[in-house]
Amino acid sequence: MNKVNTIGVDLAKNVIQVSVLSPLNKELTNKELPRTKFAEFLAKQPISLVAFEACSTAHHWARAARGYGHQVKILPAKVVSSFRQGHKTDKNDALAVAEAANRPNVKEAPLKELEQQGIQSIQRSRELLVQNKTCLSNHLRGLLMEFGVFVPKGFASLFKNIPDILEDGENDIPDMFRATLNLMYQRLLDLRDDVGLLDEQVKQLVKNNEACSNLTKMEGVGPISAILLFSTLGTGEAFKNGREFSAYIGLTPKQHSSGGKASLMGISKFVANKRLRSVLIQGARAYVHRMKSVTTKKDVWLVNLIERAGYGKAAVALANKNVRTAWALLTQGTEYKKELIV
């Protein structure tokens with residue numbers, strides 16, 4: 001039985017709902033607090049288990065609660081929804097968070113430290129700029145096609161052809177649109193430069209961070225994969241073993257067991273850290289397809305797996321192995337060394 005109070009917190013932008021449960025699981029209070037008063041509330045509470053639903057500001061407030069000596073948990077929204085009773089209200093949500101926090105074997109979201117969140121924020125910003133760059137390039141291609149002007153695939157061809165298209169007075173692009181086209185082209189150039197700037201920043205971060213630099217030594221793991229792994233794992237203490245971390249990302253097969261008979265299926269399309277999983281699989285796929293020589297024991301394993309299952313499954317298997325290895329490296333503080341064929 002829990003020997004401390006449990007505080008369930010439903011976070012919002014300006015108001016925060018808190019539900020306090022006694023060690024006997026009796027609700028002592030369920031009230032709304034202004035965001036500016038929440039830190040004061042945490043400071044006045046006796047040492048408690050403070051649980052948050054994973055959402056915006058959850059990691060910030062969890063670190064603040066930990067600073068006041070409380071135990072903290074961050075719970076995925078899907079877990080919390082299973083404990084909600086009645087209508088979806090702030091009070092019911094806060095109570096559901098508190099009740100879920102006291103259940104055994106509830107999966108938690110790992111708490112991110114400031115360094116992890118800073119690195120993740122840089123990657124998220126880069127990802128947004130890449131999406132904007134792709135969106136704007138597709139926008140320009142679509143508009144030019146309306147005037148019978150076709151640009152070959154790829155960013156390079158777009159950057160090369162648009163200046164010529166602007167100067168060509170014989171195409172069907174009306175003069176009234178040329179100024180706008182040039183404006184959008186300049187915006188695309190700015191996005192290209194900004195993405196390049198963040199790429200260099202990511203490389204420098206990986207170079208200066210010993211853990212990230214170590215992760216890039218694994219097959220199929222580049223700078224982006226390394227910082228995403230580090231920002232998610234940290235020290236790795238949030239997961240019991242490598243398999244649990246792999247399951248969190250969504251790289252382990254789904255299992256259906258009944259009557260003592262277990263069936264393994266493919267990886268889940270829904271329960272996963274899709275951003276990290278996709279980057280890891282892409283990196284593994286690139287390594288598998290470009291592998292020219294077999295120099296390590298892992299390469300031998302990959303070649304045999306490709307012959308049995310094909311490139312796609314081999315790439316997923318390599319990503320799975322890399323994730324488990326990353327957990328071991330970060331929890332044990334060891335350096336990754338390739339096992340060469342003697």
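Descriptive notes on the structure:
- Long-range neighbours under 8 Å by Cβ, at least six apart or interchain, first residue surrounded by fewer than 14 Cβ atoms within 10 Å (Cβ to Cβ) within region 234-251, second aromatic (Phe, Trp, Tyr): ASN241/TRP327
- Tabulated pairs, region 92-115, first in contact (Cβ under 8 Å) with a residue 12 or more places away in the chain, second part of a helix (DSSP H, G or I) and open to solvent by less than 10 Å² (accessible area, probe 1.4 Å), C-beta under 6 angstrom, 6+ apart or interchain: ALA96/VAL80; VAL97/VAL80; ALA100/VAL80; VAL106/ALA100; LEU111/ALA62
- Filtered residues of region 128-157 (kept if among the aliphatic types (A, V, I, L, M), part of a helix (DSSP H, G or I) and either in contact with a strand residue (DSSP E or B) (Cβ under 8 Å, 6 or more places away or on another chain) or under 15 Å from ARG178 (Cα atoms) (or both)): LEU140, LEU143, LEU144, MET145
- Residue in region 231-244 that is farthest from LEU111 (Cα to Cα), counting only those that are modelled with pLDDT of 85 or more and touching a Pro at 6+ places or on another chain (Cβ under 9 Å): PHE239
- Count of region 102-125 residues which are in contact with a Leu (Cβ under 8 Å, 6 or more places away or on another chain), over 18 Å from TYR248 (Cα atoms) and open to solvent by less than 50 Å² (accessible area, probe 1.4 Å): 3
- Selection count where residues are among the basic types (Lys, Arg) and in contact (Cβ under 8 Å) with a residue 40 or more places away in the chain, scope region 121-157: 2
- Residues of region 2-34 satisfying the condition of being surrounded by fewer than 21 Cβ atoms within 10 Å (Cβ to Cβ) and not in a strand (DSSP E or B): ASN2, LYS3, VAL4, ASN5, ALA12, LYS13, ASN14, SER22, PRO23, LEU24, ASN25, LYS26
- Among residues of region 324-340, those that are in contact (Cβ under 8 Å) with a residue 60 or more places away in the chain, within 13 Å of LYS217 (Cα to Cα) and not charged (D, E, K, R), counted: 4
- No other residue among ALA314, ALA326 is open to solvent by less than 30 Å² (accessible area, probe 1.4 Å), assigned to a helix (DSSP H, G or I) and under 18 Å from PRO253 (Cα atoms) apart from ALA314.
- Residue within region 292-312 that is at pLDDT 90 or above, closer than 17 Å to LEU233 by Cβ and of a type outside the set (A, V, I, L, M, F, W, C) present: no
- Members of region 72-91 that are over 18 Å from PRO34 (Cα atoms) and more than 24 Å from the chain's Cα centre (by Cα): PHE83, ARG84, GLN85, GLY86, HIS87, LYS88
- Whether a residue is under 31 Å from the mean Cα position of the chain (by Cα) and more than 30 Å from SER213 (Cβ to Cβ) was assessed, and ALA109 does not pass this test.
- Filter pass, ARG192 being assigned to a helix (DSSP H, G or I), closer than 25 Å to GLU339 by Cα and not small (Gly, Ala, Ser): no
- ALA39 being in contact with a Phe, Trp or Tyr (Cβ under 6 Å, 6 or more places away or on another chain) and not in a strand (DSSP E or B): no
- For first residues located in region 71-91 and touching a residue at least 40 places away in the same chain (Cβ under 8 Å), partners that are part of a strand (DSSP E or B) and open to solvent by 100 Å² or more (accessible area, probe 1.4 Å) and lie 6+ apart or on another chain with Cβ distances below 7 Å form the pairs ASP90/GLU32.
- Residue match in region 135-148 (condition: within 30 Å of ALA54 (Cβ to Cβ), of a type outside the set (S, T, N, Q) and either at pLDDT 95 or above or touching a helix residue (DSSP H, G or I) at 6+ places or on another chain (Cβ under 6 Å) (or both)): yes
The values are calculated or read from the model by the stated rules, or taken from the named source; none is laboratory data. Being a predicted model, the structure only gives us computed values, none of them experimental. Counting neighbours? That spans all protein chains shown, and the Cβs are built from the backbone with ideal geometry, glycine included. Surface areas here come from the heavy atoms of the whole protein model, side chains and all, with no ligands, DNA or RNA. Shrake-Rupley method; radii C 1.70, N 1.55, O 1.52, S 1.80 Å.
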